[in-house]
Amino acid sequence: MNQAIQDFVASKRVAVVGVSRYPKKFGSSIYTELKGRGYQVYGVNPAVEEIQGDKCYPNLTALKGQVDGAVICIKPKSVEPVLREAAAIGLKNIWLQWGADTPEAVKLGKDLGLNLVSGKCILMYAEPVRSFHSFHRFFVKLFGKL
């Protein structure tokens, strides 16, 4: 496991950018899973006031100093401003979930000096790894990719 992944999963206060009112959406699934794994999780979505009974925040700036990392689960066209916002508030640990990790976003994250993880699913690394995610993680260890 590389250092960026280790640093991120060691962060126990995490924002999930892209939570939704719909539990089957990936951002909401990640929120639920990380919360169940003992992370202190904060939902970020300007269109949602609360997620699973917890307050939802409009942006990362509203969480400045409260989180150690952010998982980004939004459409690629919306990623750049979130990366810039993270850098502006000093939030370094960023996980670009599959679907948000375009080459442009990865380059921008590196240019901004972010501790960036991309091309991987957070649920394969945030302990305890369960269900099919542990199977996927086994394959990545064995073959280097899914």
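Can you tell me the relative contact order of the chain? Whole percent, Cα pairs under 8 Å, sequence separation 6 or more. So the answer I get is 21 percent. Extension gain for GLN3 to ASP54 (0.36 nm times residue separation, less C-alpha to C-alpha distance): 15.3 nm.
Working from label points 7 Å from Cα in the Cα-to-Cβ sense, the LYS24 to ALA47 distance is 1.8 nm.
Summing Cβ point charges (Lys, Arg +1; Asp, Glu -1) relative to the Cα centre of the chain gives a dipole of roughly 320 debye.
Between ALA88, ALA105, ALA15, the GNM of the chain built on Cα springs shorter than 10 angstrom shows ALA88 fluctuating the most.
Each Cα pair under 8 Å and six or more residues apart adds its sequence gap; the mean of these over the residue count of the range 1-68 is a relative contact order of 30 percent.
With the simple spin-label model, which puts each label point 7 Å out from Cα in the Cβ direction, the LYS64 to GLU127 separation comes to 3.4 nm. Looking at the range 23-84, how many pairs of lysines come closer than 25 Å at the Cα, when each pair is eight or more places apart or spans two chains? Lysine pairs, 8 or more places apart or on different chains, close enough: 15. Between GLU80, GLU104, GLU50, the residue with the greatest mean-square fluctuation in the GNM of the chain (Cα pairs under 10 Å linked by springs) is GLU104. Stretching GLU104 away from ARG13 to a fully extended chain increases their span by 30.1 nm, per 0.36 nm per residue minus the current alpha-carbon distance. Taking LYS35, LYS64, LYS24 as the candidate residues, the one with maximal mean-square fluctuation in a Gaussian network model of the chain, Cα springs under 10 Å, is LYS24. For the pair the range 96-113 / the range 63-79, the C-alpha centres are spaced 12 Å from each other.
Every read-out reported here was derived from the displayed coordinates using simple, explicitly stated rules and does not represent laboratory data. The shown structure was predicted, so the numbers you read here are calculated from the model rather than taken from an experiment. No Cβ is skipped: glycine too gets one built from the backbone with ideal geometry, and neighbour counts run over all protein chains shown.
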